[in-house]
1. Is it fair to say G157 is small (G, A, S) and free of Cβ contacts under 8 Å to residues at least 40 places away in the same chain?
2. Filter region 136-156 for residues that are modelled with pLDDT of 90 or more and either loosely packed, with under 12 Cβ neighbours inside 10 Å or under 23 Å from the mean Cα position of the chain (by Cα) (or both) and give the result.
3. Does K56 satisfy the condition of being outside any helix (DSSP H, G or I) and of a type outside the set (G, A, S)?
4. What's the total number of residues in region 91-120 that are in contact with a strand residue (DSSP E or B) (Cβ under 9 Å, 6 or more places away or on another chain), open to solvent by 80 Å² or more (accessible area, probe 1.4 Å) and not charged (D, E, K, R)?
5. Is there a residue in region 81-90 that is under 29 Å from R162 (Cα atoms), open to solvent by 100 Å² or more (accessible area, probe 1.4 Å), at pLDDT 90 or above and over 26 Å from the mean Cα position of the chain (by Cα)?
6. State whether the residues of region 91-101 include one that is under 13 Å from T152 (Cβ atoms) and without any contact (Cβ under 8 Å) to a residue 12 or more places away in the chain.
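The values are calculated or read from the model by the stated rules, or taken from the named source; none is laboratory data. Just so you know, these numbers come straight off a predicted model, no measurement behind them. Note: ideal-geometry Cβ built from the backbone for every residue, glycine included; neighbour counts use all protein chains shown. Just so you know, the surface numbers come from the protein's heavy atoms only, side chains and all, with ligands and any DNA or RNA stripped out. Shrake-Rupley method; radii C 1.70, N 1.55, O 1.52, S 1.80 Å.
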Amino acid sequence: MADEKNIKDEEVVIEKTKDEKKGKKSKSEKKNPLQEKYDVLYNQFIRLQADFDNNKKRNASLASSMYNDGVNDAISAILPIIDSIDMAIAAQKDEEQKKGVELVKKAFLDALEKFDVEAIPADGDFNPNLHEAVMSKDDPENAGKIVQVLRTGYKRGDKVLRHTMCVVGQ
């Protein structure tokens, strides 16, 4: 029985090879030239569609990134003005003038808040990701803690725009 099956398989193989030698193609192998052209063009269309979608996503991401970088640069340019306002407040001896300058500072900070900018807290432990230690002070009770803030730092979301400049206890 196994011999009969092998013989039949061999006959089928022989018939196929005879047909191939004669150049005959089965119906599934024959293709219309228009169908072949359609298949090629359709594959090109699908690839172009995917490339276009990828390019569109990449450009949207790039535009968002460029906008955020521009806003961050503009805000970073404004931060020294707030430092100047702080110095003006410290230098004022007249309380009325001091209140006026404090209102200007508040207006600046409110405007920055609209862009999700906030001051970096400088109380407690020193964090090198948020703070910049420019000096150290011998203070065993406050070792590793911020003792004095020299310049306020700011961040926008998770991005640090300017580190807090501080003195750290040792």
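1. Values: small (G, A, S): yes; free of Cβ contacts under 8 Å to residues at least 40 places away in the same chain: no.
So G157 does not fit the description; no.
2. G153, Y154, K155, R156
3. Details: outside any helix (DSSP H, G or I): no; of a type outside the set (G, A, S): yes.
Here the answer is no, as K56 does not meet what is asked.
4. 1
5. Initial filter on region 81-90 (under 29 Å from R162 (Cα atoms)): 81-90.
Narrowing the set further to residues that are open to solvent by 100 Å² or more (accessible area, probe 1.4 Å) leaves 87.
Imposing the further condition that a residue be at pLDDT 90 or above reduces the set to 87.
With the extra rule that they be over 26 Å from the mean Cα position of the chain (by Cα), the set shrinks to 87.
Yes, some residue in region 81-90 is under 29 Å from R162 (Cα atoms), open to solvent by 100 Å² or more (accessible area, probe 1.4 Å), at pLDDT 90 or above and over 26 Å from the mean Cα position of the chain (by Cα).
6. Initial filter on region 91-101 (under 13 Å from T152 (Cβ atoms)): none.
No; the residues of region 91-101 include none that is under 13 Å from T152 (Cβ atoms) and without any contact (Cβ under 8 Å) to a residue 12 or more places away in the chain.
Residue by residue, here is whether (1) farther than 30 Å from F115 by Cβ; (2) modelled with pLDDT under 95; (3) open to solvent by less than 80 Å² (accessible area, probe 1.4 Å); (4) touching an Asp or Glu at 6+ places or on another chain (Cβ under 8 Å) holds:
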site: A2; (1), (2), (3), (4): yes, yes, yes, no
site: V12; (1), (2), (3), (4): yes, yes, yes, no
site: K21; (1), (2), (3), (4): yes, yes, no, no
site: N32; (1), (2), (3), (4): yes, yes, no, no
site: I46; (1), (2), (3), (4): yes, no, yes, no
site: S61; (1), (2), (3), (4): no, yes, yes, no
site: S76; (1), (2), (3), (4): no, yes, yes, no
site: L79; (1), (2), (3), (4): no, yes, yes, no
